[in-house]
Amino acid sequence: MSNVKEHVNCLIIGSGPAGYTAAVYAARANMKPLLFTGPEPGGQLMITTEVENYPGYADGVQGPQMMEDFRKQAERFDTDIRMEMVTKVDFTGPVHRVWTEAGDEYTADSIVISTGASAKWLGLESEQKFMNLGVSACAVCDGFFFRGKEVAVVGGGDTAAEEASYLAKLCPKVHLIVRRDEMRASKIMQERVKNTENIIIHWNTSTQEIMGDKEVESIRVINNISKEETVIPVSGFFVAIGHKPNTDIFKGWLDMEDTGYLITRPGRTHTNIEGVFASGDAQDHIYRQAVTAAGTGCMAALDAELYLTEKGVI
């Protein structure tokens, strides 16, 4: 006797711009998608305040409101949205199997993965206190709000170098906090940072505390060698120590990079498993924007529709 609770044509794992967009396209194609939101319905945008760079919102929009709009649009076309997390998968056969945290088993003819990625944080208590009050993990998303103000970026890799370079075009001074005496960034990015006059690099330095009253006003840092502490006045603090894709449950099934990002066929959303498609930040470590995530969500749904049509499922 089968323990399968339900079988669907298209099962979407994860919400956010990629998942909800995939749901809109899949539902309109009569694929009757089932979407599991995961532990953070709406993804990273749920911890984002003002979003000003998503087309169609002329006056900007709060991140949570934007995700609510996405969810409502998906539901309008009868997407079955469930506030559950997928904890296990089995992609052995042509029909794919997943299990939720409740222990229920579901099968699907096609799977769209949109589990996203989570920003890595320093782990400071003050980091959480000032989240969206000057603390951010995305300069492209939030740098605009700090035009004309001094800011700090923490990190030593390409992401930190890119964030610092971007902010240097908007801010009079950018403090780059690097934990070691060298950067991990590529040589070309290091040269760009070092040749930008208004980027001040603080070598061998760690952030101790982010300070302020109602929003970020300064940071207290310590030199890891001399142990000398310094307070740097800044209005924005950008954490650029990387992102971790939420793809652990797919290890052993799907091809992924060393860092965990899923590998898809160039220009498409196909993974190495037939009928399994990946979208959004789970497979994109370059752009990581809501609009690009939505775009790949659309692509994944269209790829899944073509796959199901060729298989004669729909």
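What follows draws every value from the coordinates through simple rules; no lab data is involved. Quick caveat: nothing in here was measured; it's all calculated off a predicted structure. Cβ: placed from backbone, ideal geometry, glycine included. Neighbour counts: every protein chain shown.
As I understand it, the dipole of the chain uses +1 on the Cβ of Lys and Arg and -1 on the Cβ of Asp and Glu, about the Cα centre. Which of I225, A278, L254 lies farthest toward its positive end?
So the residue we want is I225.
Label K5 and T309 with points 7 Å out from Cα along Cα→Cβ: what is the distance between them in nm?
3.2
Using alpha carbon centroids, what distance separates the stretch 20-86 and the stretch 211-255, in Å?
28
For the stretch 8-137, what does the equivalent ellipsoid look like in terms of its semi-axes, each the square root of 5 times an eigenvalue of the Cα gyration tensor, given largest first in whole Å?
After diagonalising the Cα gyration tensor, the semi-axes are 29, 20, 10 Å.
Looking at the chain, send over the antiparallel percent of its DSSP beta bridges, to the nearest 5.
Here the antiparallel bridges make up roughly 45 percent for the chain.
Any idea how far apart R268 and E197 come out in nm if each label point goes 7 Å out from Cα toward Cβ?
Here the modelled spin labels are 5.1 nm apart.
Where does the longest stretch of the chain lie that holds no GluC sites (Glu not before Pro) found in a DSSP loop with 11 or fewer other Cβ atoms within 10 Å?
1-181
Can you give the net charge of the other residues whose Cβ lies under 14 Å from the Cβ of F36, counting K and R as +1 and D and E as -1?
My count for the surroundings of F36 gives -2.
Rg (Å, one decimal) plus Dmax (Å, integer) for the alpha carbons of the stretch 234-297?
Both quantities, over Cα of the stretch 234-297: 13.4, 50 Å.
By the scheme Lys and Arg +1, Asp and Glu -1, what is the net charge of all other residues having a beta-carbon under 13 Å from that of H7?
It works out to a net charge of -2.
Report the normalised scattering of the stretch 45-105 as log10 I(q)/I(0) at q = 0.16, 0.23, 0.28 Å⁻¹, calculated by the Debye formula with identical scatterers on the alpha carbons.
Reported log10 I(q)/I(0), two decimals: -0.73, -0.93, -1.08.
Going by a ≥ b ≥ c, the root eigenvalues of the Cα gyration tensor, does the stretch 121-239 fall in the rounded group (a/c under 1.5), the prolate group (a/b larger than b/c) or the oblate group?
In terms of gyration-tensor shape, oblate.
Which entries in the list K149/K214; K169/K194; K194/K214; K149/K194; K120/K251 go over 25 Å, if you measure between the two C-alpha atoms of each?
Too far apart for the 25 Å limit: K194/K214.
At 222 nm, what value in deg cm²/dmol follows for the chain if DSSP H runs of at least 4 each add -39500 (n - 2.57) and the sum is divided by all its residues, to the nearest 500?
About -7500 deg cm²/dmol.
Note the angle between two axes, namely the Cα long axis of helix 290-310 and the longest principal axis of the Cα atoms of the chain, as a number of degrees from 0 to 90, rounded to the nearest 10.
Relative to the chain, helix 290-310 is tipped by roughly 20 degrees.
Kirkwood Rh, the stretch 63-164, all Cα pairs: how many Å?
17.8
Quick one: putting +1 on the C-beta of Lys and Arg, -1 on the C-beta of Asp and Glu, what dipole do you get for the stretch 1-98 around its Cα centre, in Debye to the nearest 20?
Roughly 480 debye for the stretch 1-98.
Quick check: net charge around V313, other residues with Cβ under 13 Å of its Cβ, Lys/Arg +1 and Asp/Glu -1?
Net charge in that neighbourhood comes out at -2.
Compute the FRET efficiency between T87 and N53 as 1/(1 + (r/R0)^6), taking r as their Cβ-Cβ distance and R0 = 30 Å, and round to the nearest 0.05.
About 0.35, to the nearest 0.05.
I'm a student and want to see the number: the projected area of the Cα convex hull of the chain, averaged over all directions, in nm².
That works out to 17.6 nm².
If you stretched the chain out fully between Y166 and R28, how much longer would it get, using 0.36 nm times the residue separation minus the C-alpha to C-alpha distance?
Additional length available on full extension: 45.8 nm.
Quick one: dipole size for the stretch 121-239, taken about the Cα centre, charges +1 on Lys/Arg Cβ and -1 on Asp/Glu Cβ, in debye to the nearest 20.
Using Cβ point charges on Lys, Arg, Asp and Glu, the stretch 121-239 gives about 240 debye.
Counting every Cα pair in the stretch 170-314, what percent are over 28 Å apart?
Everything past 28 Å amounts to 44 percent.
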